[in-house]
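Input: a single structure, listed below in structure tokens.
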Amino acid sequence: MKALVMTAVKKLEVKDDYKKPEVKPNEVLVHTAWAGICGTDKALYNGLPGSADAVPPIVLGHENSGVVAAVGSDVEDFKVGDRVSVDPNIYCHKCFYCRTSRPELCEHLDAVGVTRDGGFAEFFTAPEEVVYHVPDNVSLEAAAVIEPISCAAHGVDLLETHPYQTALIIGDGFEGQLIAQILKSRGVKEVTLAGTSDEKLENNRKHFGFKTINNLKNPDAIKPDTYDIVVEAVGLPQTQEQAVEAARRGGQVLMFGVGNPDSEFKVNTYKVYQKQLHIQGSFINPYTFEDSIALLQSGDVDPLPLISNVLDFAHVEDFVSGKLGHISKAIVKVAGEDA
């Protein structure tokens with residue numbers, strides 16, 4: 001089968017004769033339709049950790065959708081031809097964190113497209129427990145990004161939301177834009193998206209009615225002590241510090257952006273105390289796929305206006321290496337809509 005293989009750090013190769021995976025008794029074989037590309041894939045390509053370390057040779061692609069091509073002998077809830085999406089994160093169910101209802105912190109995390117071959121291939125396998133049916137009114141193109149929606153949903157789940165609140169999302173990347181939509185769906189009174197791309201900010205005003213701030217052109221437009229909820233979706237020290245400053249008394253700050261492992265930011269400890277801030281991290285997507293599918297099915301979240309580029313295997317490396325710029329969200333068309 002055809003696959004895009006990371007054969008070494010900073011090296012992707014298209015293989016036409018990659019071995020098609022065999023299906024274990026508890027697994028589903030998926031004929032990939034679409035696969036999303038995210039910042040984690042860029043990090044893995046550059047040798048940095050994602051949810052876990054990716055050891056070459058490996059097929060990346062942890063955002064995906066497709067059609068069931070075969071099922072193992074123990075699989076009960078799926079059959080050939082079912083339209084599906086796969087939660088990449090596979091928990092051990094045995095470690096301290098799994099046994100204390102925090103599986104996202106699993107000490108033995110396995111992940112499709114990170115520690116085992118994923119969706120940048122014509123076929124991949126996954127345990128039945130992480131495979132989800134895609135509703136008829138959700139396209140496989142949209143279903144390919146259920147995983148990033150589920151990460152955004154987990155972040156919002158960590159917040160206490162109320163209709164009176166104002167929210168600021170710092171970062172107009174794909175996740176920041178999704179978080180804005182989910183906060184709106186939760187009834188938050190006013191959502192403001194701050195970023196650096198006029199094109200993406202205008203797109204969000206047009207499609208979703210968000211207030212927007214160009215944080216590069218107007219850095220003073222984000223006022224201190226203003227917002228009930230501030231989500232930092234960039235991962236840079238300067239925006240992390242800005243997030244803490246922007247939160248009002250009693251505010252919540254969600255550190256969602258993935259920072260460099262060696263980065264640090266400064267925080268005024270008295271302000272954290274005096275404003276009684278709640279500062280929270282967010283990691284991956286424990287059991288938020290069902291909610292994310294429901295958000296797509298209802299139309300409360302619409303990712304399609306945010307997808308700017310459809311690539312083939314041959315151009316994925318140009319994107320993850322940084323040669324292709326000005327991309328809001330890229331996905332790979334692996335097979336047709338019906339796979």
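The values are calculated or read from the model by the stated rules, or taken from the named source; none is laboratory data. A quick note: this is a predicted structure, and the numbers were derived from the prediction, not measured. For neighbour counting, all protein chains shown are included, and Cβ atoms are generated from backbone atoms with ideal geometry for every residue, glycine included. When the accessible area is computed, the model is the full protein with side chains, heavy atoms only, and any ligands, DNA or RNA have been set aside. Shrake-Rupley method; radii C 1.70, N 1.55, O 1.52, S 1.80 Å.
For the stretch 52-71, enumerate the residues that are part of a loop (DSSP other than H, G, I, E, B), open to solvent by 30 Å² or more (accessible area, probe 1.4 Å) and over 17 Å from E13 (Cα atoms).
At the first step, the residues of the stretch 52-71 found to be part of a loop (DSSP other than H, G, I, E, B) are 52-57, 59-62.
Still in the running and open to solvent by 30 Å² or more (accessible area, probe 1.4 Å): 53, 55-57.
Result: D53, single match.
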Report summary line: Selection from the stretch 173-190 of residues surrounded by fewer than 23 Cβ atoms within 10 Å (Cβ to Cβ), touching a strand residue (DSSP E or B) at 6+ places or on another chain (Cβ under 8 Å) and part of a helix (DSSP H, G or I) yields K184
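Residues to consider are V310, V332; find the one that is open to solvent by 70 Å² or more (accessible area, probe 1.4 Å), closer than 26 Å to V68 by Cα, touching a strand residue (DSSP E or B) at 6+ places or on another chain (Cβ under 6 Å) and assigned to a strand (DSSP E or B).
On the way: V332 fails: open to solvent by 70 Å² or more (accessible area, probe 1.4 Å).
Being open to solvent by 70 Å² or more (accessible area, probe 1.4 Å), closer than 26 Å to V68 by Cα, touching a strand residue (DSSP E or B) at 6+ places or on another chain (Cβ under 6 Å) and assigned to a strand (DSSP E or B) holds for just one of V310, V332, which is V310.
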Report task. From (1) surrounded by 22 or more Cβ atoms within 10 Å (Cβ to Cβ); (2) part of a loop (DSSP other than H, G, I, E, B), pick out the condition that doesn't hold for L324. Result -> (1)
Report task. Return yes when D291 is open to solvent by 70 Å² or more (accessible area, probe 1.4 Å), part of a helix (DSSP H, G or I) and under 24 Å from T166 (Cα atoms) and no when it is not. Result -> yes
Query raised in the report: In the list K19, K15, which residue meets the criterion of being within 15 Å of E317 (Cα to Cα), over 25 Å from the mean Cα position of the chain (by Cα) and of a type in the set (D, E, K, R)?
Result: K15
Report summary line: Here the residues within the stretch 132-149 that are open to solvent by less than 10 Å² (accessible area, probe 1.4 Å), out of contact with any Leu (no Cβ under 9 Å at 6 or more places or on another chain) and of a type outside the set (G, A, S) are L140
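Per-residue answers, yes or no, for (1) open to solvent by 60 Å² or more (accessible area, probe 1.4 Å); (2) more than 23 Å from the chain's Cα centre (by Cα); (3) modelled with pLDDT under 95:
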position: F208; (1), (2), (3): no, no, no
position: I222; (1), (2), (3): no, yes, no
position: D225; (1), (2), (3): yes, yes, no
position: D228; (1), (2), (3): no, yes, no
position: E232; (1), (2), (3): no, no, no
position: L236; (1), (2), (3): yes, no, no
position: R248; (1), (2), (3): yes, yes, no
position: L254; (1), (2), (3): no, no, no
position: G259; (1), (2), (3): no, no, yes
Query raised in the report: What's the number of the condition D41 fails, among (1) surrounded by fewer than 22 Cβ atoms within 10 Å (Cβ to Cβ); (2) assigned to a helix (DSSP H, G or I)?
Result: (1)
Report task. Tell me, please, whether a residue that is more than 28 Å from A314 (Cβ to Cβ), among the aliphatic types (A, V, I, L, M) and in contact (Cβ under 8 Å) with a residue 60 or more places away in the chain can be found in the stretch 95-106. Result -> yes
Query - Given (1) over 24 Å from F283 (Cα atoms); (2) free of Cβ contacts under 8 Å to residues at least 24 places away in the same chain; (3) open to solvent by less than 20 Å² (accessible area, probe 1.4 Å), index of the condition K15 fails - result: (3)
